[in-house]
1. Determine which member of the set Ala250, Ala198, Ala226, Ala236 is within 32 Å of the chain's Cα centre (by Cα) and of a type in the set (A, V, I, L, M).
2. Is there any pair linking a residue in the stretch 105-134 that is among the hydroxyl-bearing types (Ser, Thr, Tyr) and within 10 Å of the ligand (Cβ to nearest atom) to one that is modelled with pLDDT of 95 or more and in a strand (DSSP E or B), with Cβ under 6 Å and at least six apart or on different chains, and which?
3. Only one of these is near the ligand (Cβ under 10 Å from one of its atoms) and over 16 Å from Gly314 (Cα atoms): Thr144, Thr163, Thr137. Name it.
4. Go through the stretch 378-426 and tell me which strands (runs of 3 or more DSSP E), entirely inside it, have 2 or more residues that are over 14 Å from Ser339 (Cα atoms) and either free of Cβ contacts under 8 Å to residues at least 12 places away in the same chain or in contact with a helix residue (DSSP H, G or I) (Cβ under 6 Å, 6 or more places away or on another chain) (or both).
5. Would you please name the residue that is surrounded by the fewest Cβ atoms within 10 Å (Cβ to Cβ), looking only at residues in the stretch 198-209 that are among the hydrophobic types (A, V, I, L, M, F, W, C) and closer than 17 Å to Val262 by Cβ?
6. Identify, from the list Ala122, Ala35, the residue that is of a type in the set (Gly, Ala, Ser) and modelled with pLDDT under 95.
7. Hey, can you tell me all the residues within the stretch 262-304 that are of a type in the set (A, V, I, L, M), open to solvent by 10 Å² or more (accessible area, probe 1.4 Å) and under 22 Å from Phe56 (Cβ atoms)?
Amino acid sequence: MSGRDSEKLQAVKGMQDLLPPDSAKWGYVEKRARATFESYGYREVRTPIVEYTPLFVRSIGETTDVVEKEMYTFTDRDERSITLRPEGTASAVRALLEHSLPAKEPVTRWYYSGPMFRHERAQRGRYRQFYQMGVETFGIAEPTIDAEQIAMLVGLFGDLGITGLDTRINSVGGPEDRPKYRAALAAYLEPFRSQLCADCQRRLDTNPLRVLDCKHENDQKIVKGAPSILDHLGEAAKAHFAGVQAALDALGVAYTIDPKMVRGLDYYTGTTFEVRASGGDLGAQNTLGGGGRYDRLVQEMGGPATPATGFAFGLERVVLTLPGEADTFEPGAEVFFASHGDAAKLYCLKQVQNLRARGFRADLEHRNVGMKAQLKRADRVGARVVVIVGEQEMAANQAVLRDMKASEQRTIEAADLVAEIKRLVR
Ligand code: HAM
């Protein structure tokens, strides 16, 4: 082994294992999100975790932090530049076009779930491998869909029991509005150039909009006085944004207009939104999810003009905000079998299979340990009912049924086992 190989084994920095019982909390969020998305007519899409690098460079934007600093890019054995996906929208657009969906259906509604990769500074709520669940709609230009997506995300978080949500909306205008705003913003920032962080001094020349979401405190102070993008919207963008607000009002979704919220990806046109958690201990990483409209991207990637809108939320952040201890999300066993003697064990093995086939969560002690240890384990797995079978019960065709909740036990006929268990756990 080389020196490096002999180092203590550990996961890659910024990436984490997900173990029980936390995985149960994750599973719960995923299940609820899928059910919500499907109730709105979204269908699942799965794309590869890697794409050819230019896809992300072209869609997310060459001068965004994601592309400039955060991508996991490498050359594969075919000498092609490959990147671990930093987000899901670019891949969705690629798949949409590769499978000619705009020609096949007027409206496409997709949802996805999976790991994303960004080489960011790791901290609580920010990881280098993180999980997103997201949705994308293609083919709908009307503002009601923007509002419906916001309502769906806020509704999902509410259903999960997350309180203190802060929903921010903005419009970054269409490509026809952007140059005017860009010029006004650059003119405002120019006198502060030397006070801006090194990155923002560069951004001032390459992509001044990105200065608005700089994390540095001093830059944020400067940005406070910057002109508002909402004062630079053309008629079409203004009308669309008013439509989004009217639909949100109709749906009863509370929101704040935040003209400085531009989000970190370049493909947005028009509506942008974020849902933040005001409570909890996420600190600066309190944005649970965000998205917006990207009406130009499909065309820019070589497809037909296709309006689009979507969002994604981060599973880690949602799970960190979700109330409830992780182990309360684990289903636990309903029935646990404890046995004494080889014949009894084989009998229990068969009964457990039989119960599982009937939809019960059933288990038995496989290890050859004493009755006390077996009962302790039944308690640990949270069993509602314990079935005890020893030589005596085997001989009499009986079993001892212990109701763990009532702390009572009685002897029953083996033939009544399933019915008795059903009575107690269902
Ligand atoms: P995003 O704002 O870059 O948007 O990411 C969405 C969410 O993913 C964030 O609000 C956050 O919860 C989570 N997230 C992002 N980076 C990290 C990280 N390093 N660690 C943990 N969680 C993270 C998008 O990715 C867009 N594709 C959303 C979208 C879909 N827009 C239109 N369609």
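1. Values: Ala198 fails: within 32 Å of the chain's Cα centre (by Cα); Ala226 fails: within 32 Å of the chain's Cα centre (by Cα); Ala236 fails: within 32 Å of the chain's Cα centre (by Cα).
Criteria check complete, one pass: Ala250.
2. Tyr112/Gly134; Tyr131/Pro115
3. On the way: Thr144 fails: near the ligand (Cβ under 10 Å from one of its atoms); Thr163 fails: near the ligand (Cβ under 10 Å from one of its atoms).
Thr137 is the lone residue from the list that is near the ligand (Cβ under 10 Å from one of its atoms) and over 16 Å from Gly314 (Cα atoms).
4. Values: elements: 385-389, 398-403, 408-413.
Answer list for the stretch 378-426: 408-413.
5. If we filter the stretch 198-209 for residues that are among the hydrophobic types (A, V, I, L, M, F, W, C), which is where we start, we get 198, 200, 204, 209.
Now drop any that are not closer than 17 Å to Val262 by Cβ, which leaves 200, 204, 209.
Numbers: Cys200: 22, Leu204: 18, Leu209: 22.
Within the stretch 198-209, the match that is surrounded by the fewest Cβ atoms within 10 Å (Cβ to Cβ) is Leu204.
6. Working: Ala35 fails: modelled with pLDDT under 95.
On inspection, the qualifying residue turns out to be Ala122.
7. Those that are of a type in the set (A, V, I, L, M), open to solvent by 10 Å² or more (accessible area, probe 1.4 Å) and under 22 Å from Phe56 (Cβ atoms): Leu265, Met301.
Yes/no per residue for (1) touching a helix residue (DSSP H, G or I) at 6+ places or on another chain (Cβ under 7 Å); (2) open to solvent by less than 20 Å² (accessible area, probe 1.4 Å); (3) assigned to a loop (DSSP other than H, G, I, E, B):
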| position | (1), (2), (3) |
| --- | --- |
| Met15 | no, no, yes |
| Arg34 | no, no, no |
| Glu38 | no, no, no |
| Thr47 | yes, no, yes |
| Phe56 | yes, yes, no |
| Thr83 | yes, yes, no |
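The values are calculated or read from the model by the stated rules, or taken from the named source; none is laboratory data. None of the values given here were measured: they were computed from a predicted structure. Virtual Cβ from ideal backbone geometry, glycine too; neighbours counted across all protein chains shown. These area figures cover heavy atoms from the full protein model, side chains too; ligands, DNA and RNA do not enter into them. Shrake-Rupley method; radii C 1.70, N 1.55, O 1.52, S 1.80 Å.
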